[in-house]
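The values are calculated or read from the model by the stated rules, or taken from the named source; none is laboratory data. This one's a predicted model, so the numbers in the text were calculated from it and none came from an experiment. Backbone-built Cβ (ideal geometry, glycine too); neighbour counts: all protein chains shown. The protein model used for the area step is the full one, side chains on, heavy atoms only, and it has no ligands, DNA or RNA in it. Shrake-Rupley method; radii C 1.70, N 1.55, O 1.52, S 1.80 Å.
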Amino acid sequence: CDPDQLHAHRNDPDPAVRLGVLLAMRRLADARIAHFLDDADPRLVTEAARGIYDVPIEGAQEELAARIAPYLANETERHQSEFQQEPLLRRLLAANYRGGEPRHAKRLLQFLQQPDNPVATRREAAAMLATWQQPSPLDRVVGLFRPVKEREDDAIRTLLAEQTDTLLRQAGPELQEAIIDLLSAYRIEGGRDVLAAWVPDAKQPTATRIAALKMLAQSDAPQIAGLLEQTLEDENPDLRIAAGALLAERHPARAAALLVPIVQQSDSQTERQQALAALGKVREGAEPADRRPAVAQWLSAE
């Protein structure tokens, strides 16, 4: 099969013919397959992305990464169904993730901030940025062993530090935990007022409240002492246990005094088990004298 003859039919008016040309180029690992990333048929665009990324066709990777540009602005027109779009977007993201340069990281952050993009792929962008410095050797799309070298994270850290408040305030409930995890990965200390407001807010998802509490504890924010005391009285048992575990690391004696009553009095077996797990992290000698009898009493009653 002559690659040049194939290439001559790349603009055939029949989509079926163009698809045949595309698949043949994929088999030949012809970098000119990147032409189809701008095809009028969204199905062919997705197939071109699959060919370039999955084979992989190294000579077309940068063109694939650059094709994310229309998804970084509000005016993007969405002509594809979600089913067609997600396989394409995951490969556009992954091509930038593997690119490894500051410009690629900036694109991922812009994609994350774009509300028109599907939530699942925005979460993926956040996860990619969180693991930027030490990427897994397993490819995030095809699952094959495709290691990439470690890279500097200074550019990402700077971008995140500059936009922390904006990222948090603009995040919907479905993205808050992912963004907090991203900021925590770089030990960003901004956004404390937003996080401190989320912790006691019962309208926020439980995962968001716990992640915010952990991030404030990680940065030793001034608000953390009061929030830990407050959340230990919260109606949400998962939040209470998360606060107890954090308190066990910071103030073991205080944590033990507050967790033992949960072991003794809670109506929830799950909560009692979690309280016991948190008590297990309390350093010996720091707990009150009645800790062991309380734990033993609970175990004997089960």
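Below are the figures for this structure:
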quantity	calculated
Residue among LEU258, LEU239 that is at pLDDT 75 or above and either surrounded by 13 or more Cβ atoms within 10 Å (Cβ to Cβ) or in contact with a Ser or Thr (Cβ under 9 Å, 6 or more places away or on another chain) (or both)	LEU239
Condition broken by ALA125, with the remaining ones in (1) open to solvent by 60 Å² or more (accessible area, probe 1.4 Å); (2) of a type outside the set (Phe, Trp, Tyr); (3) closer than 18 Å to PRO173 by Cα satisfied	(1)
Candidates VAL21, VAL17, filtered to the one that is surrounded by fewer than 19 Cβ atoms within 10 Å (Cβ to Cβ), free of Cβ contacts under 8 Å to residues at least 24 places away in the same chain and either in contact with a strand residue (DSSP E or B) (Cβ under 7 Å, 6 or more places away or on another chain) or β-branched (Val, Ile, Thr) (or both)	VAL17
Some residue of segment 160-169 being part of a helix (DSSP H, G or I), in contact with a Ser or Thr (Cβ under 9 Å, 6 or more places away or on another chain) and farther than 30 Å from VAL55 by Cα	no
Residues that are open to solvent by less than 30 Å² (accessible area, probe 1.4 Å), over 28 Å from GLU233 (Cβ atoms) and in a helix (DSSP H, G or I), drawn from segment 179-210	LEU182
Meets criteria (in a helix (DSSP H, G or I), open to solvent by 10 Å² or more (accessible area, probe 1.4 Å) and over 21 Å from PHE111 (Cβ atoms)) for GLY226	yes
Residue in segment 97-106 that is small (Gly, Ala, Ser), in contact (Cβ under 8 Å) with a residue 40 or more places away in the chain and part of a loop (DSSP other than H, G, I, E, B) present	yes
Any hit, segment 133-148, residues being open to solvent by less than 70 Å² (accessible area, probe 1.4 Å), among the small types (Gly, Ala, Ser) and in contact (Cβ under 8 Å) with a residue 24 or more places away in the chain	no
Within segment 102-122, tally of residues that are of a type in the set (Val, Ile, Thr) and crowded, with 17+ Cβ neighbours inside 10 Å	1
Any chance GLN5 is in a helix (DSSP H, G or I), of a type in the set (S, T, N, Q) and more than 27 Å from HIS104 (Cβ to Cβ)	yes
Leading residue by the ranking (surrounded by the fewest Cβ atoms within 10 Å (Cβ to Cβ)) among those in segment 46-75 that are at pLDDT 95 or above and outside any helix (DSSP H, G or I)	VAL55
